[in-house]
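Visitor: For reference, the structure I am asking about is given below.
The values are calculated or read from the model by the stated rules, or taken from the named source; none is laboratory data. Model, not experiment: these values are computed from the prediction. Quick reminder, even Gly has a Cβ in these numbers, built from the backbone with ideal geometry, and neighbours come from all protein chains shown. We work out accessible area using only protein heavy atoms, side chains counted, and drop any ligands, DNA or RNA first. Shrake-Rupley method; radii C 1.70, N 1.55, O 1.52, S 1.80 Å.
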Amino acid sequence: MKKFLLLFWLILTQISFSQWEPCNNGLHVLPVLCFSTIDNIIYAGTENGGFFLSTDNGDTWIQKNNGLTSDNIFSLAVYDETIFAGTGTGLFVSSDKGENWIKNDELSNIRVHSFIISDKNIFAGTIEGGIYLSTDNGSTWIQKNNGLSSSIIFSLAKNDSNIFAGTNGGGVYISTNNGDTWIQKNNGLTDTTVCSFTINGTNIFAGTEGGIYLSTDNGDTWSKKNNGLTNTLVSSLTIIGNNIYAGTRGSGVYISINNGDSWIQKNKGLIDNYINSFILIGNNIFTGTDNGVYLSTDNGDSWIAKNRTLTNTRVHTFIVIDSNIFAGSRGTSEGIYLSTDNGNNWIRKSNSGGFSFASSGNNIFTGGYGCVYLSTDYGNKWIYKYNGLPRASVFSLIIIDSNIFAGTYSGGIYLSTDYGNTWIEKNNGLNDTNVFSLIIKDNIIFAGIYGGGVYISTDKGNSWNEKNKGLTNKNVYSLKINNSNIFVGTSAGVYLSSDNGEVWIEKNNGLTDTIVHSFAIIGNNIFAATNGGAYLSTDYGHIWIAKNIGLTNNYVLSFVISNDYIYAGTRCGIYRAKLEDFGINDVNVEISQNNLLQISPNPSSDFIYVKYNDELINKNIKIYDILGNTVWQGIPKGESISIDISSFPFGVYYIKAGNETKMFVKN
């Protein structure tokens with residue numbers, strides 16, 4: 001066993017490239033309600049997930065919601081580099097390809113369901129507000145409802161200078177004067193809830209709740225074209241060449257090659273048959289469904305899912321039991337997911353819980369809102385445990401012998417001694433009760449509290465003492481132990497204590513985003529999850545390096561390490577990377593784990609005291625820097641020696657005596 005392989009590994013970590021990949025198969029996929037495109041960028045509006053874009057033909061999607069206050073986007077349009085997003089609470093505009101959004105004051109608090117652009121005129125169809133027109137790129141809007149009997153506008157289309165409006169119950173309206181007046185055109189149209197249009201030359205197709213209608217005379221008359229349709233709720237229409245595509249709510253996609261005279265169902269590869277939208281990019285057809293995006297490159301004969309990162313599953317926590325990885329999520333996709341194949345596939349095991357995890361033997365506990373759930377069969381069944389718990393989210397759980405501690409947000413800390421059947425409040429000494437994290441070290445319980453900093457209990461939670469010396473930010477999200485060191489993640493970065501919380505030292509060098517949600521540790525490698533991505537430190541937090549290649553969502557909430565992978569839970573699903581991509585190999589064999597050689601304090605800024613087993617007395621001792629250079633050497637005469645390291649540069653060092661090697665940090 002070669003102890004100094006770690007020296008070379010640490011050098012490699014400074015230059016190696018990490019590579020994250022999404023692994024979301026089986027996670028909740030967002031419904032896609034609408035599309036738009038410009039410069040080969042595909043924009044997608046989703047339900048509950050906001051705005052996404054893809055620059056690689058749908059292979060990956062990036063969420064772009066900065067400034068958006070609504071997660072439901074019903075319509076999208078692009079004009080002159082400006083993106084318009086119609087939401088349930090009004091119109092939002094972006095002039096930088098979705099990086100930032102500004103709410104329009106004039107179209108506010110109204111659902112914008114459709115857009116059409118005619119020359120420099122932008123028409124917006126709304127729910128309850130009718131039609132609005134902007135002639136100045138969306139800065140101001142004028143209501144244009146003269147002649148409309150319905151103010152619920154589902155769809156808009158244009159043919160030359162004619163604007164068509166599809167309404168709820170009022171059928172089709174046409175304007176020939178830029179929206180100043182509208183004329184109803186329903187001759188032959190017996191179904192008057194019009195959801196969609198598509199136009200090809202003089203042929204105007206309307207999708208309704210009763211099927212498809214065709215007009216060849218600019219809407220004066222309509223004829224029904226439903227031959228072959230088994231579902232007549234037509235939500236979306238588009239045309240490529242002579243092929244007309246109809247998306248239905250429940251029966252998928254239909255194609256007509258004879259101007260609508262007959263329809264053939266084309267759903268090969270479609271997992272979801274609830275179609276919301278289409279978009280054409282070259283010869284590619286994208287459809288938005290209630291289960292994400294699908295692509296056809298063969299005129300609709302087959303469809304391929306394009307959803308690897310199209311999820312709003314917010315993964316806040318993980319736990320690994322044997323080779324089973326459990327992921328807990330909150331929000332609209334709240335629940336628990338399980339993977340038994342290194343994240344290749346996930347199975348939803350519960351629609352509740354997933355705020356936190358703890359396990360003991362075959363018992364898995366997960367925190368929910370106002371309760372804890374228990375499973376004794378790897379998540380197949382969950383038992384509701386709430387007696388004594390407050391109506392508050394259980395964000396942390398730890399198990400000490402037969403005692404289960406639950407940290408809640410706004411309710412403080414609770415203890416159960418009977419596997420969660422009953423709970424007792426344990427808040428004596430706590431000044432704040434927003435508990436995000438609990439850990440145990442040497443029979444001391446540490447509690448990380450948002451707004452209150454760090455508290456410890458040495459009597460199994462009966463009393464708590466504040467330990468915040470040096471902790472200048474008390475908004476604590478996470479706690480993690482590595483040997484004698486305790487790391488705390490706050491809204492102002494990372495702090496380290498090597499004396500059980502008596503003193504905390506800020507460790508933010510290299511952290512460009514200082515909201516730290518969680519940590520993962522393997523060997524001497526510390527990962528920090530932040531709003532700005534994943535960071536890695538190999539020197540006890542002295543220096544942090546961003547490791548975000550492949551992360552299309554940098555809002556990282558949680559980590560877990562299992563087998564050869566590290567998994568990152570984000571606001572939009574799960575990513576994984578091989579540990580070797582970070583230069584991390586079998587760290588367990590790199591540094592001696594026995595106690596023949598002991599160093600204290602560690603880290604240290606001036607002196608270290610090295611204690612030896614009898615086997616190492618009179619053996620030559622050397623200290624190496626991270627590059628393998630000898631920076632100190634000597635031969636101890638007794639069982640311990642004091643070494644002055646005050647002149648050493650900050651960083652990681654290694655002491656070697658005989659065949660024993662230990663690491664320490666100069667701070």
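Visitor: Among the lysines, which fall within straight-line cross-link reach of LYS224, defined as a Cα-Cα distance under 23 Å, with same-chain neighbours fewer than 8 residues apart omitted?
Guide: LYS158, LYS185, LYS266
Visitor: Quick one: length gained pulling TYR378 to THR55 fully straight, 0.36 nm per residue minus the C-alpha distance?
Guide: Result: 112.4 nm gained on full extension.
Visitor: Can you work out the PRE-style zone for ASP39? Point 7 Å along Cα to Cβ, and I want the residues of the stretch 89-123 with backbone N under 11 Å.
Guide: Hits in the stretch 89-123 for ASP39 at 11 Å: 96-98.
Visitor: Assuming R0 = 51 Å, what is the FRET efficiency of ASN342 and SER605, from their Cβ-Cβ distance, to the nearest 0.05?
Guide: Using R0 = 51 Å, I get an efficiency of 0.75.
Visitor: While we're looking at this one, here's another question. Can you give the accessible area of ARG249 in Å² (nearest 10), computed on protein heavy atoms with a 1.4 Å probe?
Guide: 70
Visitor: Output ³J(HN,Hα) for the stretch 462-478: one whole-Hz value per residue in order, computed from phi by the Karplus curve 6.51 cos²θ - 1.76 cosθ + 1.60 with θ = phi - 60°, and x for Gly and Pro.
Guide: Each residue of the stretch 462-478 in turn: 5, 8, 10, 10, 6, 9, 10, 5, x, 8, 7, 10, 9, 8, 8, 9, 8 Hz.
Visitor: I've got another one for you. Helix 5-15: angle to the longest alpha-carbon principal axis of the chain, degrees 0 to 90, nearest 10?
Guide: Orientation of helix 5-15: about 30 degrees from the principal axis.
Visitor: Which value in nm describes the separation of the simple spin-label points at THR422 and SER262, placed 7 Å from the Cα toward the beta carbon?
Guide: 7.4
Visitor: Could I ask something else about it? Cut-off 11 Å, label point 7 angstrom out along Cα-to-Cβ of ASN324: give me the residues of the stretch 548-576 whose amide nitrogen falls inside.
Guide: From the stretch 548-576, the list is empty.
Visitor: For the stretch 436-537, which GluC sites (Glu not before Pro) are both in a DSSP coil and crowded by at most 16 other Cβ atoms within 10 Å? All intermediate terms of the calculation are to be shown ahead of the outcome.
Guide: Working: sites: GLU466, GLU502, GLU506; in loops: GLU502.
Of the GluC sites (Glu not before Pro), the ones in loops of the stretch 436-537 whose Cβ has at most 16 other Cβ atoms within 10 Å are GLU502.
Visitor: Here's something else I'd like to know. Per q in 0.23 1/Å, what log10 I(q)/I(0) does a Debye calculation on the alpha-carbon atoms of the stretch 412-537 return?
Guide: Rounded to two decimals, the profile gives -1.34.
Visitor: Taking the convex hull of the alpha carbon atoms in the chain, what volume per residue do you get, in Å³?
Guide: For the chain, the hull spanned by Cα atoms encloses 173 Å³ per residue.
Visitor: What's the local net charge at SER350, with K and R +1, D and E -1, over the other residues with C-beta under 10 Å away?
Guide: +2
Visitor: With a sphere of radius 11 Å drawn around the Cβ of ASN187, what net charge do the other residues whose Cβ falls strictly inside it have (Lys, Arg +1; Asp, Glu -1)? Intermediate values should be presented prior to the final figure.
Guide: Numbers: positive: LYS185; negative: ASP217, ASP220.
Summing Lys and Arg as +1 and Asp and Glu as -1 gives -1.
Visitor: Over the chain, what is the mean sequence separation of C-alpha contacts under 8 Å (at least six apart), divided by residue count, expressed as relative contact order in percent?
Guide: With pairs under 8 Å counted, the relative contact order is 9 percent.
Visitor: Would you mind counting up the charge near LYS460? Only other residues with Cβ under 10 Å from its Cβ, with Lys and Arg at +1 and Asp and Glu at -1. It would help to have the intermediate numbers written out before the result.
Guide: Values: positive: LYS426; negative: ASP401, ASP459.
Computed value for this residue: -1.
Visitor: Compute the distance in nm between two label points, each set 7 Å from the Cα along the Cα-to-Cβ direction, one at ASP401 and one at ILE444.
Guide: 2.0
Visitor: Between ASN531 and ASN109, what FRET efficiency follows from the Cβ-Cβ distance if R0 is 22 Å, with the result rounded to 0.05?
Guide: Details: r = 29 Å, r/R0 = 1.33.
With a Förster radius of 22 Å, E is 0.15.
Visitor: Whole angstrom only: what separates the Cα centroid of the stretch 474-531 from the Cα centroid of the stretch 287-347?
Guide: 30
Visitor: Can you compute the FRET efficiency between ASN351 and LYS460 using 1/(1 + (r/R0)^6), with r the Cβ-Cβ distance and R0 = 41 Å? Round to the nearest 0.05. Intermediate results must be reported in sequence, preceding the final value.
Guide: On the way: r = 34 Å, r/R0 = 0.82.
Efficiency, rounded to the nearest 0.05: 0.75.
Visitor: Now for a separate question. What are the ³J(HN,Hα) values, in whole Hz, obtained from phi via the Karplus relation 6.51 cos²θ - 1.76 cosθ + 1.60 with θ = phi - 60°, for each residue of the stretch 137-147 in sequence order, with x given for Gly and Pro?
Guide: Result, rounded to whole Hz: 6, x, 5, 10, 9, 10, 6, 10, 10, 4, x.
Visitor: So, one more: Can you tell me the accessible area per residue over the chain, all protein chains present, probe 1.4 angstrom, in square angstrom?
Guide: 39
Visitor: Could you give the length gained by full extension between THR140 and ARG391, i.e. 0.36 nm per residue of separation minus their alpha carbon distance, to one decimal place?
Guide: Extra length available between THR140 and ARG391 comes to 85.8 nm.
Visitor: In addition: Give me, ordered by chain and number, the residues 5 or more places off ILE240 or on other chains with an amide H under 5 Å from its own placed amide H.
Guide: Close amide H contacts, sequence-distant or interchain: TYR245.
Visitor: What's the extension gain from GLU99 to ASN121 if we count 0.36 nm per residue and subtract their Cα-Cα distance?
Guide: 5.5 nm
Visitor: Distance in nm between label sites at SER410 and ILE271, each 7 Å beyond Cα in the beta-carbon direction?
Guide: Taking the two extended label points, one gets 3.6 nm.
Visitor: Highest mean first, what order results for 372-384, 54-66 on Cβ atoms within 10 Å?
Guide: For the peptides 372-384, 54-66, the packing ranking is 54-66, 372-384.
Visitor: Assign one of three labels to the stretch 303-368, namely rounded, prolate or oblate, based on the Cα gyration tensor with a ≥ b ≥ c the square roots of its eigenvalues; rounded applies when a/c is under 1.5, prolate when it is not and a/b is larger than b/c, and oblate otherwise. It would help to have the intermediate numbers written out before the result.
Guide: Values: a/c = 2.72, a/b = 1.46, b/c = 1.86.
Cα axes put the stretch 303-368 in the oblate bin.
Visitor: Right, next: Which sequence of SER360, SER277 reflects their accessible areas, 1.4 Å probe, from the largest down?
Guide: SER360, SER277
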